[in-house]
Amino acid sequence: MTIVGVLALQGSFNEHIAALRRLGVKGVEIRKPEQLLNVASLIIPGGESTTMAKLAELHNLFPALREFVRMGKPVWGTCAGLIFLANKATGQKTGGQGLVGGLDCTVHRNFFGSQLQSFESELSIPELVSSEGGPETFRGVFIRAPAILDVGPEVQVLARCPVSSNSNLHSSSSGEGKKEKDSESKVIVAVRQGNLLATAFHPELTSDNRWHSYFLKMAGDVEESSSSIESIGVNNSRFERSKSDLPIFI
Amino acid sequence: MAGSGVVAVYGNGALTETKQSPFSVKVGLAQMLRGGVIMDVVNAEQARVAEEAGACAVMALERVPADIRAQGGVARMSDPQLIKEIKQAVTIPVMAKARIGHFVEAQILEAIGIDYVDESEVLTLADEENHINKHNFRIPFVCGCRNLGEALRRIREGAAMIRTKGEAGTGNIIEAVRHVRSVMGDIRLLRNMDDDEVFTFAKKIAAPYDLVLQTKQLGRLPVVQFAAGGVATPADAALMMQLGCDGVFVGSGVFKSGDPARRARAIVQAVTHYNDPEVLAEVSCGLGEAMVGLNLNEKVERFANRSE
């Protein structure tokens, strides 16, 4: 049984561990630098990135995390995790926050705005479908989500999200939190660079496990998963079912 | 449809999800707050202190519960200007309190564009009978509870997050422990119950049957559950976490203490490392004076009993 580390400072680490369990993989909580030595791959979950950065600083986790990324071990960041992995982030709190870095891109923290602008969207994910099968789209849950403004040449874009559909949301919220108007109609919300994977949305909040199995394959850790995962992929009703579900808990 | 003729759609479609913010998105933010600490702040400066300490959200208030208790009078929603200033000062989510049943205060808070509304018993009640119909809002709500039945009634009304009521502004953890133990105890009871017995149990705790059954299947509340009301030390916070809560609200405990910045940071660390007594011992050292506590005798008004 393979073991995946999940950074458990704050946020949706329980949900990630539950998603891994559904795939027959054990996730362990990482709270201290020395615990990173026992795992070969790492998930940085969603949460408040400022909070997670503060706690990582207090417990001196940043050097160990940077070393982990530098050694080329697979790391996946969702939402706050994406901000952690980015080389550059804008829209931070006064005084900035610590980043792990490694992913050659610029992230706008809280790009979509406050909770009233949080949304769900069906994302087109050709790369993931070619690897994992299943429906053509993925239900992306964006919670006060970041977005990727630009990427370096080595970064592969896995998904984009239209922003035009949100513009009416922005105007309806009484002109609060004006942000720079993006001329493009789509922003990047999922990328991969070598062994780094990053998503601005939260696959751990849905019952669709394809991103998790994609990450496990990336880590080259899952031996017999390809057969079992694909057989799930064929059965589309399993994915449809989750539409009106309550969120995923442990 | 509504207002355009004689046919009014029942409940304005209240129990159906709106496209713009489905329930899962409302619960989603609460899930992102898990393992975190939400702190009461009364101005932008305190909000910055909370953010620097690692709070995962702040609750914008005019007076912390301890002052509401001491000064008395009617406690209402804070001045929107104050909430806006606090929102400007920080990047973490901002919550604010509305009176129970006062749906217009909630509409105003939604219009300001904050992230969460706390329909709180700490403020004076606006409606003794009814809570806000939270399905009508795009903004998510957190509500207090003392037991499982009360929690599930709030969820049926549309609350996307639950906190224990505890006894706010007392710095006394006893009521919060009572409420968490009551909720967790009832869930343990429910899990061991035969499916046939769930109907009567639902009737007994006066909660909707479908939510009771869902709680049984999940083995926990179907939304995120925080602890609140009386947390004053890192040990209090870790106690709440070990009892099974997903995170902690700290009201008067931080900014009514001797060294708020330090205590705030210690409580944040205690919630992350709640299972590690060595870290807890380390962060509990030399925090200065804690807030003055209040023993709960008959003379103390119980905020928790204000609503059912």
## Note on the structure
Flagged pairs (Cβ under 8 angstrom, 6 or more apart or on separate chains; first in segment A:105-128, under 19 Å from A:Glu204 (Cβ atoms); second outside any strand (DSSP E or B) and of a type in the set (Asp, Glu)) are A:Gln115/B:Asp115; A:Ile125/A:Glu136
### Query
Among the helices (runs of 4 or more DSSP H) contained in segment A:1-110, which hold 2 or more residues that are on the phi < 0 side of the Ramachandran plot and either within 13 Å of chain B (Cβ to nearest Cβ) or among the polar types (S, T, N, Q) (or both)?
A:13-22, A:49-58, A:80-85
### Query
Can you name the condition, by its number, that B:Glu278 falls short on among (1) in a helix (DSSP H, G or I); (2) in contact (Cβ under 8 Å) with a residue 12 or more places away in the chain?
(2)
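Filter segment A:111-128 down to the residues that are part of a strand (DSSP E or B) and open to solvent by less than 20 Å² (accessible area, probe 1.4 Å) and list them by number. Walk me through how you get there before you give the answer.
Step one: of segment A:111-128, the residues part of a strand (DSSP E or B) are A:119-124.
Matches in segment A:111-128: A:Phe119, A:Leu123.
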### Message
Out of B:Ala232, B:Ala206, I need the residue that is part of a loop (DSSP other than H, G, I, E, B), small (Gly, Ala, Ser) and open to solvent by 10 Å² or more (accessible area, probe 1.4 Å). Which one?
### Response
B:Ala206
### Query
What number of residues within segment A:186-214 satisfy the criterion of being under 12 Å from A:Leu158 (Cβ atoms), under 12 Å from the mean Cα position of the chain (by Cα) and part of a helix (DSSP H, G or I)?
2
### Task
Provide a single number: the residues in segment B:229-264 that are at pLDDT 95 or above and touching a His at 6+ places or on another chain (Cβ under 9 Å).
1
### Query
Can you spot a residue in segment A:31-41 that is among the β-branched types (Val, Ile, Thr) and in contact with a Leu (Cβ under 7 Å, 6 or more places away or on another chain)?
no
### Query
When A:Leu65 is evaluated against the numbered criteria (1) surrounded by 24 or more Cβ atoms within 10 Å (Cβ to Cβ); (2) under 15 Å from the mean Cα position of the chain (by Cα), which criterion, by number, is the only one it fails?
(2)
### Query
Scanning for something within 27 Å of A:Asn110 (Cα to Cα), assigned to a helix (DSSP H, G or I) and at pLDDT 95 or above, does segment B:116-132 turn up at least one residue?
no
### Query
Looking only at segment B:284-305, which residues are open to solvent by less than 60 Å² (accessible area, probe 1.4 Å) and either in contact with a Cys (Cβ under 7 Å, 6 or more places away or on another chain) or part of a helix (DSSP H, G or I) (or both)?
B:Ser284, B:Phe303, B:Ala304
### Query
When you scan segment B:267-282, how many residues do you find that are more than 10 Å from chain A (Cβ to nearest Cβ) and either of a type in the set (Phe, Trp, Tyr) or within 21 Å of the chain's Cα centre (by Cα) (or both)?
3
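Here's the yes/no breakdown for (1) surrounded by fewer than 21 Cβ atoms within 10 Å (Cβ to Cβ); (2) assigned to a helix (DSSP H, G or I); (3) on the phi > 0 side of the Ramachandran plot:
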| residue | (1), (2), (3) |
| --- | --- |
| B:Lys216 | yes, yes, no |
| B:Leu221 | no, no, no |
| B:Ala237 | no, yes, no |
| B:Phe249 | no, no, no |
| B:Arg262 | yes, yes, no |
| B:Ala266 | no, yes, no |
| B:Gln269 | no, yes, no |
| B:Glu282 | yes, yes, no |
| B:Glu308 | yes, no, no |
### Query
Condition test on A:Thr2, is it farther than 19 Å from A:Leu85 by Cα and polar (S, T, N, Q)?
yes
### Filtered residue count, segment B:137-177, keeping only those that are closer than 19 Å to B:Pro222 by Cβ, in a helix (DSSP H, G or I) and among the aliphatic types (A, V, I, L, M)
4
### Summary
Per the filter on segment A:135-160, residues closer than 25 Å to B:Tyr116 by Cα and either over 15 Å from the mean Cα position of the chain (by Cα) or away from every other protein chain (no Cβ under 14 Å) (or both) are A:Ala147
### Task
Report yes if A:Glu57 is within 24 Å of B:Val268 (Cβ to Cβ) and open to solvent by 40 Å² or more (accessible area, probe 1.4 Å), otherwise no.
yes
### Query
Pick from A:Glu132, A:Glu184: which is modelled with pLDDT under 90, closer than 25 Å to A:Val39 by Cα and more than 14 Å from every other protein chain (Cβ to nearest Cβ)?
A:Glu132
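The values are calculated or read from the model by the stated rules, or taken from the named source; none is laboratory data. Predicted, not measured: the structure shown is a model, and the values here were computed from it. No Cβ is skipped: glycine too gets one built from the backbone with ideal geometry, and neighbour counts run over all protein chains shown. These accessible areas exclude ligands, DNA and RNA; they are computed on the full protein's heavy atoms, side chains included. Shrake-Rupley method; radii C 1.70, N 1.55, O 1.52, S 1.80 Å.
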